[in-house]
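Working notes for the structure below.
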Amino acid sequence: MNKMNYYAIFTDQSGKDGSPVFFEARMFEEPITGYAFSKENSIYYEWMKPGFNDYELLPEYYLYSKCVDLEFDYYKFANHYIISEDFLAVISKYNVAYTKGRVQVFSAEDNSQLVLRKNYFFVKFDYINDLIDYTKSIYEVSLSDKGEPIVHNGVRYIRKYEKIELIDENICSEIFLIKDSILGFNLFCTGQFKIDAENMKVYALMFVALPDYLDFVKYSGFLGKETYERLKKRDIPDIM
């Protein structure tokens, strides 16, 4: 049987209009007064905590951004994603488990509400267990101080991967989030979803084939081809 083609989804942060290279923004559960980036507005919410925490999203969130020109369709933010209604329209044809809260966007400069072309949502996808084929993947486990493999909340913590293989029969949707300490930072999808998203012209997204994922992350490929090639070249030892 032919293996399925899988892709990790990244935001193109190479300098596209409306897609920040570095998304300087803070998000709150209630509207704020004063400067969003001040010490007085340093609030730590549960959805900011690392790990695989269980909580419900609110109906609405308030994002204060230093970048007032926003047009991306997908951006990793805290433990979840800020996603446009255009991207959700692509997802709607599939059986994908997620919850969402509407995001109101404001300028961090003067707290005025921004009028943007797209509507945005804070989206929390369900993690899927048992997607990694550990018999075919090559990896190094994280060890405790006692030298024992770390397993927490049913997650086997991996220090690093050298090769990643997924279990086809356990993947039941065209788009999915892997419950893994390394791979859980990006949504993954099938080749069919990639085609659908590109046909609907989702903006500022990059689809990286699973075999290329590790190199892409290591050399910051989401910052553009030039940055990727420069960082990778710098990492190659001089054999002359």
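The values are calculated or read from the model by the stated rules, or taken from the named source; none is laboratory data. All values derive from a computational prediction rather than experimental measurement. Note that we place each Cβ from the backbone using ideal geometry, even for glycine, and neighbour counts take in every protein chain shown. Only protein heavy atoms, including side chains, enter the accessible area calculation; ligands, DNA and RNA are left aside. Shrake-Rupley method; radii C 1.70, N 1.55, O 1.52, S 1.80 Å.
What the table shows:
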{"item": "Flag if N79 is open to solvent by 30 Å² or more (accessible area, probe 1.4 Å) and in contact (Cβ under 8 Å) with a residue 24 or more places away in the chain", "result": "no"}
{"item": "Filter result for I91 (at pLDDT 90 or above and within 21 Å of L214 (Cα to Cα))", "result": "no"}
{"item": "Qualifying positions in the stretch 196-219 - basic (K, R) and either more than 15 Å from Y161 (Cα to Cα) or under 15 Å from the mean Cα position of the chain (by Cα) (or both)", "result": "K201"}
{"item": "Search result, residues across the stretch 90-115 that are under 17 Å from E71 (Cβ atoms), open to solvent by 40 Å² or more (accessible area, probe 1.4 Å) and assigned to a loop (DSSP other than H, G, I, E, B)", "result": "V115"}
{"item": "Out of K160, K194, K146, K201, sole residue that is loosely packed, with under 14 Cβ neighbours inside 10 Å and under 17 Å from Y74 (Cβ atoms)", "result": "K201"}
{"item": "Filter result for Y228 (within 30 Å of S92 (Cα to Cα) and either among the acidic types (D, E) or crowded, with 18+ Cβ neighbours inside 10 Å (or both))", "result": "no"}
{"item": "Condition check for F23: part of a loop (DSSP other than H, G, I, E, B), within 26 Å of E226 (Cα to Cα), of a type in the set (A, V, I, L, M, F, W, C) and open to solvent by less than 20 Å² (accessible area, probe 1.4 Å)", "result": "no"}
{"item": "Positions within the stretch 170-191 being assigned to a helix (DSSP H, G or I), open to solvent by less than 30 Å² (accessible area, probe 1.4 Å) and among the hydrophobic types (A, V, I, L, M, F, W, C), in sequence order", "result": "L183"}
{"item": "Whichever residue in the stretch 118-143 is closer than 23 Å to D54 by Cβ and open to solvent by less than 50 Å² (accessible area, probe 1.4 Å) and, among such residues, is farthest from the chain's Cα centre (by Cα)", "result": "S142"}
{"item": "Number of the condition not met by V155 [criteria: (1) of a type in the set (V, I, T); (2) surrounded by 18 or more Cβ atoms within 10 Å (Cβ to Cβ); (3) at pLDDT below 95; (4) within 25 Å of D215 (Cα to Cα)]", "result": "(2)"}
{"item": "Residues within the stretch 116-143 that are in a loop (DSSP other than H, G, I, E, B) and more than 30 Å from D17 (Cβ to Cβ), tallied", "result": "10"}
{"item": "Scope the stretch 52-76; condition open to solvent by less than 30 Å² (accessible area, probe 1.4 Å) and either in contact with a His (Cβ under 9 Å, 6 or more places away or on another chain) or of a type in the set (D, E) (or both); matching residues", "result": "L57, D73"}
